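The values are calculated or read from the model by the stated rules, or taken from the named source; none is laboratory data. The model shown is predicted, which means the values in this text are computed figures rather than measured ones. Reconstructed Cβ throughout: ideal geometry from the backbone, glycine too, with neighbour counts over all protein chains shown. Side chains included, ligands, DNA and RNA excluded: accessible areas come from the protein's heavy atoms. Shrake-Rupley method; radii C 1.70, N 1.55, O 1.52, S 1.80 Å.
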Amino acid sequence: MGSEHVTLGGWCHLESPFAVEAMASAGFDWCCLDMQHGTVRSDDVVGLLQAVQAGGGTAYLRVPGTDAPLIGSVLDAGAAGVIVPQVSTPEQARAAVAACRYSPDGTRSWGPLRPKLATARPDPAVLDAAACYVMVEDRAGVGNAAAIAAVPGLTGILAGPADLALDLWGDPYLASDPRTVEALAPVVAACRANGITAGVFCGTGNVGRWHTAGFTMLAVESDSTLLLTAARRAAADARAQLGDG
């Protein structure tokens, strides 16, 4: 594992350009703008991508599903790639990849909106290389990991341990439990066998555990959790100093 390329990501739930720029400038290798569980909507995408670029980062969009027009639009807006959640079958993975690729390998429509800012004639081959990650988040997806990882054009699989823990144990707070980590071993094995990236949402304090398990694309924490944690700590510390703890 020591020779494998490891990247660290910041997760952006908030649609604030300043918050996104702060995350991008904090030292992460990439940021994910979350349209599934965050407050990011289509109208926010261009401004937030500009904020990531201003912070010197690489931006991926987590879209809500395999909606091809939405995937195409965020890529045309300049996202480096997409993360597609709740993929449990190779058919769903193929649909995600097809939405990212131009004909003859996919169904993406030609319309390079923001790439035209860099050049009057954007290269289709360059844009066709947009990253396509799918999220495996339930026992069915884990069971189909080998077939999903073998889908041509897939960049990697990002595991969703909270949803998997909910499916397996009925408790999303067991996301980094050793049983959940072990349950995702087939995803790591499938990614290695197919030469694609194995990623996971870690959460604060769990990066080492997931890296030891073989994951190399590591989402560290979200802006919303970081803000809440810091704010609660500051309020508690202030009350303690006043003897009001």
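Only one entry in Ala165, Ala219, Ala185, Ala238 is under 30 Å from Arg101 (Cβ atoms) and without any contact (Cβ under 8 Å) to a residue 60 or more places away in the chain, namely Ala185. Among the residues of segment 1-52, those that are small (Gly, Ala, Ser) and over 15 Å from Val82 (Cβ atoms) comprise Gly2, Ser3, Gly10, Ser16, Ala19, Ala22, Ala24, Ser25, Ala26, Gly27, Gly47, Ala51. The residues listed here are Val126, Val52, Val74; of these, the one that is assigned to a helix (DSSP H, G or I), open to solvent by 60 Å² or more (accessible area, probe 1.4 Å) and more than 16 Å from Ile196 (Cβ to Cβ) is Val126. Among the residues of segment 131-151, the ones that are over 20 Å from Tyr60 (Cα atoms) and among the charged types (D, E, K, R) come to 2 in all. Restricting attention to segment 61-71, the residues being open to solvent by 10 Å² or more (accessible area, probe 1.4 Å), closer than 24 Å to Asp123 by Cβ and touching a strand residue (DSSP E or B) at 6+ places or on another chain (Cβ under 8 Å) number 0.
Quick check on segment 85-105. Is at least one of its residues farther than 29 Å from Asp167 by Cβ, in a loop (DSSP other than H, G, I, E, B), in contact with a helix residue (DSSP H, G or I) (Cβ under 7 Å, 6 or more places away or on another chain) and among the hydroxyl-bearing types (Ser, Thr, Tyr)? Yes, some residue in segment 85-105 is farther than 29 Å from Asp167 by Cβ, in a loop (DSSP other than H, G, I, E, B), in contact with a helix residue (DSSP H, G or I) (Cβ under 7 Å, 6 or more places away or on another chain) and among the hydroxyl-bearing types (Ser, Thr, Tyr).
Comparison of Gly78, Gly9, Gly72, Gly111 shows that the only residue that is modelled with pLDDT of 95 or more and within 13 Å of the chain's Cα centre (by Cα) is Gly9. Taking first residues from segment 55-69 that are closer than 12 Å to His37 by Cα and partners that are assigned to a strand (DSSP E or B) and of a type in the set (Asp, Glu), the Cβ contacts under 6 Å between residues at least 6 apart in sequence or on separate chains come to Arg62/Asp34. Which residue is least open to solvent (accessible area, probe 1.4 Å), if the candidates are limited to segment 209-227 and must be assigned to a strand (DSSP E or B) and touching a Leu at 6+ places or on another chain (Cβ under 6 Å)? Selected residue: Leu218.
Taking the listed residues Asp177, Asp128, the one that is within 21 Å of the chain's Cα centre (by Cα), in contact (Cβ under 8 Å) with a residue 12 or more places away in the chain and farther than 20 Å from Tyr60 by Cα is Asp177, with no other qualifying.
If you check Thr39 against the conditions, is it assigned to a loop (DSSP other than H, G, I, E, B), among the β-branched types (Val, Ile, Thr) and either in contact with a helix residue (DSSP H, G or I) (Cβ under 7 Å, 6 or more places away or on another chain) or open to solvent by less than 20 Å² (accessible area, probe 1.4 Å) (or both)? No, not satisfied. Going through (1) open to solvent by 60 Å² or more (accessible area, probe 1.4 Å); (2) within 14 Å of the chain's Cα centre (by Cα) one by one, Thr58 falls short only on (1). Taken together, Val97, Val82 contain a single residue that is in contact with a Gly (Cβ under 6 Å, 6 or more places away or on another chain) and of a type in the set (A, V, I, L, M), which is Val97.
Residues in segment 196-208 include none that are over 26 Å from Gly81 (Cα atoms), open to solvent by 50 Å² or more (accessible area, probe 1.4 Å) and polar (S, T, N, Q).
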